[in-house]
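First up is the structure itself, then whatever we jot down about it.
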Amino acid sequence: MEENPKEKVNLIISCMDRRLNEAIEARAENTLANSGKRTIVLRNAGGDVDNLHDSITELLSKYDVEEARVTVHNDCGAMKNIAQIKHNGQSSDDTHRKQTAEKYANTDVEGLCKENLTVQLDSLQKIVAQISPDTKVIVDSLDVLHVPLDNSKEKKAAIILDSAERSHTNYSELAGIIGTSISNAYFIQCTAKDNLIPDIGLLPKALGINDITIFSTEKTNSRASALFEDINKQKFASPSLHVTLVELRVAQPAEQHGVKVKHRSL
Ligand SMILES: [Zn+2]
């Protein structure tokens, strides 16, 4: 008996920065149009490969990942946060971010953004070599300084808990669901039980965002509820933090967006 061949997919690991949304969405759409391949996207603060280890491992094992790409960018908020930690030394109270800062030698934002390219490439190459040596590893950096921003809408964030079988890159549509525009939505995205709490903590602390939506699929509902409780427990020194859970369903003809709001916090 021959095993069914694994589905061929591409993987993109990138930063949650809103200025990357359109570029990532376009890349995923182009890959689908040109080769019929799905692109699975994972995003967190800085495109940190180590913090997405569980999702990357899951996807490399489950699929024939032809290309794994890390996309970083200039003017990165995560690198600004590291520059701050380097500057303040031990005064930072965030152990996780302090550990992340130790991976970098540079102390200025521009140097850190360039160094981030090699830090993430090294980490990804190590994981790929262990699990899927045939996967092509690519890294690139996008210039986001001239991406037009729409300042008429509120900045909001969404955490997309995809299942490996269903990944979302329709950021324009998801931004619409949370009531903002694509250039005002920050997306954190994974498929496995990665630790997202430090990244989510940056939203109110570093970006002033107090409106967070957790998108789940049928397969990730229980994880979404657990994350919802975790965030509510943390509160990140922001009593006004508002978290909403939304289940994304496969669209039925009668149900255009296929979206159902499950729960809303006070
Ligand atoms: Zn960034």
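The values are calculated or read from the model by the stated rules, or taken from the named source; none is laboratory data. Worth saying up front: this structure is predicted, and the values here are computed from it rather than measured. All Cβ positions, glycine included, derive from the backbone under ideal geometry; neighbour counts span all protein chains shown. Only protein heavy atoms, including side chains, enter the accessible area calculation; ligands, DNA and RNA are left aside. Shrake-Rupley method; radii C 1.70, N 1.55, O 1.52, S 1.80 Å.
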- prompt: Which of these, ALA175, ALA129, ALA28, has the largest mean-square fluctuation under a Gaussian network model of the chain (Cα springs below 10 Å)?
  reply: ALA129
field: Of ASN34, ASN106, ASN44, the one that fluctuates the most in a GNM where the chain has Cα springs shorter than 10 Å
entry: ASN34
- request: Could you rank the peptides 134-144, 78-88, 240-250 by their average count of other C-beta atoms within 10 Å per residue, with the highest value first?
  value: 78-88, 240-250, 134-144
- line: Residue span ALA129 to GLU154: 0.36 nm per residue of separation minus Cα-Cα distance leaves a gain in nm of 4.8 nm
- request: For the chain, report the accessible area per residue in Å² (1.4 Å probe, heavy atoms, rounded to an integer).
  value: 48
message: Can you work out the Karplus-derived ³J(HN,Hα) for every residue in the stretch 145-161? Use 6.51 cos²θ - 1.76 cosθ + 1.60 with θ = phi - 60°, whole Hz, and x for glycine or proline.
response: 5, 10, 5, x, 10, 9, 8, 7, 10, 6, 6, 9, 9, 9, 9, 9, 8
- request: Filter the GluC sites (Glu not before Pro) in the stretch 120-207 down to the DSSP loop ones having no more than 14 other Cβ atoms within 10 Å, then list what survives.
  value: GLU154, GLU165
- prompt: Share of antiparallel DSSP beta bridges in the chain, in percent to the nearest 5?
  reply: 15
- request: Would you pull out the residues with amide H under 5 Å of LEU142's amide H, same chain only if 5 or more places away, H placed 1.01 Å from N?
  value: VAL72, HIS73, ASN74
- prompt: Please state the relative contact order of the stretch 1-137 as a whole percent: Cα pairs under 8 Å, 6+ residues apart?
  reply: 28
Rounded to the nearest 20 debye, dipole of the stretch 1-148 from Cβ charges on Lys, Arg, Asp, Glu: 140
field: Value at 222 nm in deg cm²/dmol, rounded to 500, when DSSP H runs of n ≥ 4 in the chain each add -39,500 (n - 2.57)
entry: -11500 deg cm²/dmol
field: Cα centroid separation - the stretch 158-216 against the stretch 98-145, whole Å
entry: 21
- line: Answer in debye to the nearest 20: the dipole magnitude of the chain about its Cα centre, from +1 Lys/Arg and -1 Asp/Glu charges placed on Cβ, is 620
query: Taking springs between alpha-carbon atoms closer than 10 angstrom, which of SER225, SER14, SER55 fluctuates most in the Gaussian network model of the chain?
result: SER225
- request: Just the Kirkwood number for the chain, please: inverse of mean 1/r across all distinct Cα pairs, in Å, one decimal.
  value: 18.9
Relative contact order for the chain, counting Cα pairs under 8 Å that sit 6 or more residues apart, in percent: 20
message: Run the numbers for GLU102 and GLU67: contour at 0.36 nm per residue of separation, minus the present Cα-Cα distance, in nm.
response: 9.8 nm
task: Summarise the accessible area of the stretch 8-264 (1.4 Å probe, protein heavy atoms) by the percent that is carbon and sulfur.
output: 49
- request: Please give the length that would be gained between ASN4 and SER35 if that part of the chain were fully extended, namely 0.36 nm times their separation in residues minus their C-alpha to C-alpha distance (nm, one decimal).
  value: 9.2 nm
